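Take a look at the structure set out below.
Since every read-out is calculated from the coordinates, none of them should be taken as a lab result. In this text the structure is predicted, and so the values were computed from the model without any measurement. Cβ sites come from the backbone with ideal geometry, for glycine too, and all protein chains shown count toward neighbours.
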Ligand SMILES: [Zn+2]
């Protein structure tokens, strides 16, 4: 492997991160003249940002290699085959962690290790049933799945009348009618939202906090319209939270959209009673792991550029998009750079996090252990599905984003040249207080919530080319962040103290 890397280093010498050459040599002055936006004194050479020719060669090399012999799909297929059910705390997660360890070694990463964290162990159980009885005596089988973290109903289930509300706001309007009933939150994701992520953010409160709020008014269970953009009858699970220790708990489940519409239609005709059975339970916390590997840096090796996703997944599907894709892309982005002989100035660290879906123990544990001292310069997360990339997001002020945006030009050939203002993710968020800049892969997410947290989140719903292109985009920007001077991401707002989180 080392021989190959050395060979590639020679072949790719103008494009690699030999910063001394780039800072002073002819490549920078020859290549950077057409794109020098930014404030007076902005100098790509001084900031160790390669010139256009270098970036073009690098982008083309990554695209050619990624699209001809990329491994993102191979990694994803392995993960989803070896550990299709890998919720935190489960035996499946342990298989996933073993896969991650082996994949990082095979990719050529160094210092590969597991770092332990304590994670919750919630178990769905076998039984998930919901039958509605309408006012005319007819019965409707509703497609239902337990929300992550819910208590079970007990073996006889819960039978009660249903009251429909429009999200958490709607609950407040009928709070005096809730006692003894099942609250049915039926707020849809807003079709006019400009992004599906925004629509999800608006509607998801009823899933996360619906049970906690409804129990205050005497509800006996909650049903929630799935956070989904596809009109089918696959229910979508996801995390929910109860109130503080000792507060009352009621069962909570998601309904498929067709089931939600049928229940709503029946309620318009008269009273509806449902019987809900869920076997879910929470067992004691267990020890599991973040899995970490590195491409060691050179002159800035004590500084970190992190790339990652989360290794755990809801077990109703196999977590192919959420977030098997992000795991596969993170390992693949590092592998591509290694294969091309890229020797980063900063250490490039791949972190596959535990327990993103129902607790963030992996993310918080990582930040607690490694955040202090401010070694993390940039952290990039992929957790929006393995869909066609548009570019990356960077949570820096507009002047920084505008200045760096033109650097994405080699990815324009595949429509992924954008640098969006804003980015980040759940797993890297805990690094923010330590001065880390956060970034994320941005994809065309029109279809993401068709699959998200449902039985449809399967390998066959991931397109190998889209997945691989995401890894290429990540590798491209990671190389820039691994080598540039810190001031390349500095904003005029930094001096005024007005720095966004
Ligand atoms: Zn995710």
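In this calculation the C-beta distance from residue 43 to residue 174 is compared with R0 = 60 Å, giving a FRET efficiency of 0.45.
If R₀ is 60 angstrom, what is the calculated FRET efficiency for the pair residue 268 and residue 460, using the beta carbon separation as r and rounding to 0.05? Given R0 = 60 Å and the Cβ-Cβ separation, E is 0.95.
Put simply, when 214-221, 368-375 are sorted by average Cβ atoms within 10 angstrom per residue, most first, you get 214-221, 368-375.
Compared with the direct C-alpha span, the chain from residue 244 to residue 82 gains 54.6 nm at full extension, assuming 0.36 nm per residue.
Extension gain, residue 368 to residue 398: 0.36 nm times the residue separation minus the Cα-Cα distance gives 7.8 nm. Distance between the C-alpha centres of the range 404-471 and the range 53-131: 16 Å, rounded to the whole angstrom.
Descending by average beta-carbon neighbour count within 10 Å, the peptides 435-447, 196-208 line up as 435-447, 196-208, the highest first. Summary of the geometry: the range 206-265 and the range 291-357, compared by the centres of their Cα atoms, lie 33 Å apart. Along its principal axes, the range 125-279 has C-alpha extents of 42, 39, 34 angstrom, given from the largest down.
Return a whole-number percent for the relative contact order of the range 125-279, with Cα pairs under 8 Å and 6 or more residues apart as the contact set. Once normalised by length, the contact order is 39 percent. For the chain, the mean residue ellipticity at 222 nm estimated from helices alone is -10000 deg cm²/dmol, where every DSSP H run of n ≥ 4 contributes -39500 (n - 2.57) and the total is divided by all residues, rounded to the nearest 500. Paramagnetic label reach from residue 161 (point 7 Å along Cα→Cβ; backbone nitrogen cut-off under 15 Å): within the range 276-300, no residues. Principal semi-axes of the equivalent ellipsoid, √(5λ) from the alpha carbon gyration tensor of the chain, are 46, 22, 20 Å from largest down.
Most simply put, the chain has about 50% antiparallel DSSP beta bridges, counting only bridges with both residues inside it. Normalised by the number of residues in the chain, the average gap of Cα pairs under 8 Å and 6 or more apart makes the relative contact order 21 percent.
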